[in-house]
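Accompanying notes for the structure given below.
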Amino acid sequence: MGQYPLPHAVTDIRCGNDLETKVTYGRKATIAQLLATIVQSLLLVNVGMELAMATVVIGSLYKNPKAEFLLSDSESSWYGSILYLCQPIGSCMSGYAQKHFGKKSCVVLACVPSIFGWILLWYANSVTMLYWSTLTMGLGLGFNDGPAYSYIGEICEPRLRGIMACVINMACLIGVLSSFGLSYVFHWKTVAAMSALCPVMCLTFVAFIPESPIWLLSKGRNEKAMDAICWLRGWVDPCVVATEYQELMFYYKTSVDQSKTIRDSKGLFSSLSWIKSPSVYRPLRLATIYYIFTLISCLTPCRPYIVKLMYESGVKDTHSISLVLFGFMQLAGSVGLTLTVRKLGKRMLTLSTLCINTLAIFMFAVYFVCINNYKLISPDAYVPMVLYSIIMFSGAMGMLTVPWTLVSEIYPNEAKGFASSLTTAIFYILTFSATKVYLSVENTLGLNNTFFMMAAFSFVGFVYLYRNMPETENKTFMEIEEFFVPKNEQTSTELLPRAV
C-alpha cells in the first residue's frame, strides 16, 4: 500500500470526561464509501423492481379479458400484499445471519431467492405461480433492508451517513421507475426476465467490498477489521486510521459487560432480550409510529392498484405513461432529499413533506366528491395525475424515505443487526395489513371518504412527529442514543464511551 499523508483535519472534542480525536478524511474516503454503498444499492434497485412489479402485473391482469389469465378483487389484494407478509420471515432470519455471518453473507442470501422469484414470474401462467413467485421474492426481501441499512450505518462517517442512506433509498426508487418504464415498452414477463439481472450483478460485485469493520471486531478478526477501515477511508495506510481503529477497539472492550448475556447466547431468538432496553424499544416505538403515518400520507396501500385508481379518477387512456411519471417523480424527490438533507435535516423534511401530502390527499378527496357525488366538474386526467405526482415527489423527499434512513442511525451498534431487522419486519407487516384491507375499506367507504380519512390521520401524524421526532442528521450515535435515553436515566455501564 502506498504512502498517504495524514488526514487534513484533526479536531479534539470532549465526550464526558474523556478526550476523543475526531478525524475528517478526504475525498478518497468519500469515494470508497460511495462505492461500497453503490454495490449495496444494486440489491435495493432489485427491491424497488420487486415492489413495483405487483402494480405492473395487476394492471395487466386485473379483470382484463384480453389477458392470458385474470385476477379477481380477492386475488389482486393477495398478490399485491403477500410480498410484504413473507418479508418478516426473511427479516427475522437476517437478524441472526447478520450477527453470526456478517452483512455480506446476507447480501448473498438475499440474491438467491430473488433470482428464483424472477424466474418463476417469467414462467408464470396461473395465479398460483404468481403467488409462488412473490413468496420467493418476499423471503429474499427480508435479507435486504435491515442488513443494507445497518451496513451503511456502520461503514460511513457521521458526515456521510445520512447522504449514503439516501442513496440506498434512491436506488430503491430507481428500481420502481425501471419496472414502470420497462413495462411501458415490454410485456410484463419480459420485464421479469430482465429484472433478474440486477441480483446477478449484485452477487458478482459484492465480493469486492469489505465487510463491516464493527462486525469483524466483534468476531475478533482485528487485522481484517483494520484492512476494512483502511479500504473505506480511501485505501490509506493503517497509521492514518489508527485513531478510529482504537476508538472502535475501546468501545468493544468497554461494552462487553453491558451486553455479555446477549452476546454469549447462541439461540436464534436470544436477541429479543434487547427489546427490554430503552435504547432499543424507544426508537423502535418512534420508527413504528412514524411508518404508520408514512403508509397513510404516501398512499402506500393504494400503490398496487394505481392503474385502477387512475381509471376511476378519469385517467383512462394514459395510465401506462402515468406509472412512468409517478416513478420519475419519486426518483426526483429522492434526489431532492439527497441534495438537501444535510442543510435542512430529516426533521424539517419530514414535517414539511407530511404537511404537503396531507393537503394533496385532502384535495384528492374533494376532487372525488366533485366528480362522483355532485357532478360539479367532469373528470379531468390532469387533476389526479398532478395531485398524485405531488404526493409521490413530496413523499420521496421526506416521509417515504426518512424512516428507512433512521433505521441505520437510531439503534446502538451492539443491537443494530437485530433491531434493524425487527424494524423492517414491522414495516412490512404494517404494509401487508394496509395493502390487504385497502380494497375492502374503499368498497365500504367509497373513494372520497377513504381519502378524507387518510387526510385526517396524516394531520394527526404531523402533530405527533412535531412533538416527538428528533433531528439525527450529522449527529453521532452517542448523541442520538442520549435523546432516547438521557444521561440521568442511564446506568453507569451505559455511560461508557461509544464509538461514533
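The values are calculated or read from the model by the stated rules, or taken from the named source; none is laboratory data. Everything quoted here is computed from the prediction, not taken from an experiment. Neighbour counts run over all protein chains shown; Cβ positions are idealised from the backbone, glycine included. We work out accessible area using only protein heavy atoms, side chains counted, and drop any ligands, DNA or RNA first. Shrake-Rupley method; radii C 1.70, N 1.55, O 1.52, S 1.80 Å.
Some observations on this one:
- Scanning segment 425-470 for residues that are over 24 Å from PRO403 (Cα atoms) and among the small types (Gly, Ala, Ser) yields a count of 2.
- Single match in LEU331, LEU339 (criterion: out of contact with any helix residue (DSSP H, G or I) (no Cβ under 8 Å at 6 or more places or on another chain) and open to solvent by 10 Å² or more (accessible area, probe 1.4 Å)): LEU339
- Hey, LEU109 closer than 24 Å to SER183 by Cα, in contact with a Ser or Thr (Cβ under 8 Å, 6 or more places away or on another chain) and either surrounded by fewer than 24 Cβ atoms within 10 Å (Cβ to Cβ) or of a type in the set (Val, Ile, Thr) (or both) or not: no
- Residue list for segment 94-109, filter: assigned to a loop (DSSP other than H, G, I, E, B) and at negative phi: none
- Residue in segment 72-81 that is in a helix (DSSP H, G or I) and within 19 Å of the chain's Cα centre (by Cα) present: yes
- Qualifying residue in segment 345-362 (condition: within 19 Å of the chain's Cα centre (by Cα), more than 21 Å from PHE180 (Cα to Cα), at pLDDT below 90 and open to solvent by 70 Å² or more (accessible area, probe 1.4 Å)): no
- Within segment 407-441, the residues that satisfy the criterion of being open to solvent by 10 Å² or more (accessible area, probe 1.4 Å) and charged (D, E, K, R) are GLU414, LYS436.
- Failed item in (1) part of a helix (DSSP H, G or I); (2) among the aromatic types (Phe, Trp, Tyr); (3) farther than 30 Å from SER408 by Cβ, with PHE69 passing the rest: (1)
- If you check GLU481, GLU494 for being modelled with pLDDT under 90, in a helix (DSSP H, G or I) and among the acidic types (Asp, Glu), only one passes: GLU481.
- Elements of the type helices (runs of 4 or more DSSP H) sitting completely within segment 132-248 and holding at least 2 residues that are farther than 30 Å from GLU479 by Cβ: these cover 158-185, 188-195, 197-205.
- Residue pairs whose Cβ atoms lie under 7 Å apart, sitting 6 or more positions apart in sequence or on different chains, and linking a residue in segment 49-75 that is modelled with pLDDT of 80 or more to a partner that is in a strand (DSSP E or B) and open to solvent by less than 40 Å² (accessible area, probe 1.4 Å), are ILE58/LEU71; LEU61/LEU71.
- Some residue of segment 110-122 being over 30 Å from THR444 (Cβ atoms) and outside any helix (DSSP H, G or I): no
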